[in-house]
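K.L.:
Here it is, the structure, as structure tokens.
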Ligand SMILES: NC(=O)c1ccc[n+]([C@@H]2O[C@H](COP(=O)([O-])OP(=O)(O)OC[C@H]3O[C@@H](n4cnc5c(N)ncnc54)[C@H](O)[C@@H]3O)[C@@H](O)[C@H]2O)c1
């Protein structure tokens, strides 16, 4: 991989990926509509020659502009509508961004001779309430929200483009990612909100008994998985996760937070944890950052102003 297009590159995970690609000497173009991303996330990368193309992944003209600028050999497709509650309220908009957006990117990749296409998919949502935990890639998909359904459908289009056109596609099924630059809306937004509350000394609300588990994955580890997937020939889908289950209550306790309990939310998955062994074999990748260390880095990265902004969304 010499040059890459990163969609959603101004967002939480995308901006960390852009930083890593640039540090590794790759030419990088970012396509982002700034709906949730911020150019400020790219300040360091901008000074190192990253090309920014404002635009929507559902707009074929914007996508063609972004691709012809640098003729990337690899596309990392991270742009998405990531808010599960919004997806429930407006499933059509969710599908337009997550499914039609992916299809628009695949079509452009095929037309412009892109070599490799890496999708940010979701293991945290796509398996639903799984029979086996940690859940392997062979488990039945049970999308429990329009967001999960649109990601599952996007994955099948990747498979189709591989079969029909020989485009080397891979879907990384990420668990619950956390770290610096995250806001509270995404799948591991609970950590962003808890860290904000910790910084401000506020209590947090935990739904039910707090015994629901998640597979919390530090963003630096996710970036390494994307880099490995970009440089690899493996296709299909791979879980990117720690394989460790942590309760929401344990996260609150690790951060020393006072907890208030609220009624359990209907439809919330009780246990979510992914088996990462295929990623170790196929991508030579494994998560390396312990949760305590990742939480510490996330807390340290939050400026007082950033903490105040986050706190506004969690304050009582
Ligand atoms: N954060 C997690 O825990 C997690 C877990 C599993 C999968 N993912 C996936 O990883 C990817 C990145 O997530 P994130 O947490 O960094 O979210 P994010 O909201 O910070 O990043 C998404 C980026 O995409 C951009 N975007 C949204 N719609 C767009 C459109 N139509 N056209 C162009 N740009 C658009 C946003 O402005 C933003 O910069 C997403 O595909 C998400 O589904 C995230």
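Each value in this text was obtained by applying a stated rule to the coordinates, not by laboratory testing. Fair warning: this is a prediction, and the values are worked out from it, not measured in the lab. Here the Cβ positions follow ideal geometry from the backbone for every residue, glycine too, while neighbour counts run over all protein chains shown.
K.L.:
Using R₀ = 22 Å, calculate the FRET efficiency as 1/(1 + (r/R₀)^6) where r is the Cβ-Cβ separation of residue 100 and residue 144; round to 0.05. Intermediate values should be presented prior to the final figure.
P.N.:
On the way: r = 22 Å, r/R0 = 0.99.
Plugging the Cβ-Cβ distance into 1/(1 + (r/R0)^6) gives 0.50.
K.L.:
Follow-up question, since we're still on this one. Using only alpha carbon pairs under 8 Å that are at least six residues apart, calculate the relative contact order of region 1-68 and give it in whole percent.
P.N.:
Result for region 1-68 is 33 percent.
K.L.:
With springs only between Cα atoms under 10 Å apart, run a GNM on the chain and tell me which of 244, 181, 260 wobbles the most.
P.N.:
In this elastic network of the chain, the residue with the biggest mean-square fluctuation among 244, 181, 260 is 260.
K.L.:
Here is a follow-up. Which ordering of 86, 16, 77 is given by a fewest-first count of other beta-carbon atoms within 10 Å?
P.N.:
86, 16, 77
K.L.:
Using only Cα atoms, tell me the angle between helix 189-200 and the longest principal axis of the chain; keep it within 0 to 90° and round to the nearest 10.
P.N.:
50
K.L.:
Tell me the relative contact order for region 130-271 as a rounded percent, counting alpha carbon contacts under 8 Å between residues six or more apart.
P.N.:
With pairs under 8 Å counted, the relative contact order is 31 percent.
K.L.:
How large is the Kirkwood hydrodynamic radius of the chain, in angstrom, based on all distinct alpha carbon pairs?
P.N.:
19.6
K.L.:
Could the peptides 164-172, 107-115, 270-278 be put in order, highest first, of the mean number of other beta-carbon atoms found within 10 Å of their residues?
P.N.:
Result, highest mean Cβ count within 10 Å first: 270-278, 164-172, 107-115.
K.L.:
Also, quick follow-up: For the chain, take the longest principal axis of its alpha carbons; what is the angle in degrees between that and the long axis of helix 12-23, to the nearest 10 within 0 to 90?
P.N.:
50
K.L.:
How far, in degrees from 0 to 90, does helix 291-301 lean away from the longest principal axis of the Cα atoms of the chain, to the nearest 10?
P.N.:
Result, in degrees: 80.
K.L.:
Now for a different question. Using a 10 Å cut-off around each Cβ, can you sort 105, 302 from fewest to most neighbouring Cβ atoms?
P.N.:
Fewest to most other Cβ atoms nearby, the residues stand as 302, 105.
K.L.:
Next up: Within 10 Å of each residue's Cβ, count the other Cβ atoms and sort 264, 137, 155 from fewest upward.
P.N.:
Taking fewest neighbouring Cβ atoms as first place, the list is 264, 137, 155.
K.L.:
Taking Cα centroids, how far is region 59-108 from region 214-241 in Å?
P.N.:
19
K.L.:
Okay, helix-only estimate at 222 nm for the chain: each DSSP H run of n ≥ 4 adds -39500 (n - 2.57), divide by all residues, round to 500 deg cm²/dmol; what do you get?
P.N.:
-12000 deg cm²/dmol
K.L.:
So what is the relative contact order of the chain, in percent, for Cα pairs below 8 Å that sit 6 or more residues apart?
P.N.:
Computed value for the chain: 17 percent relative contact order.
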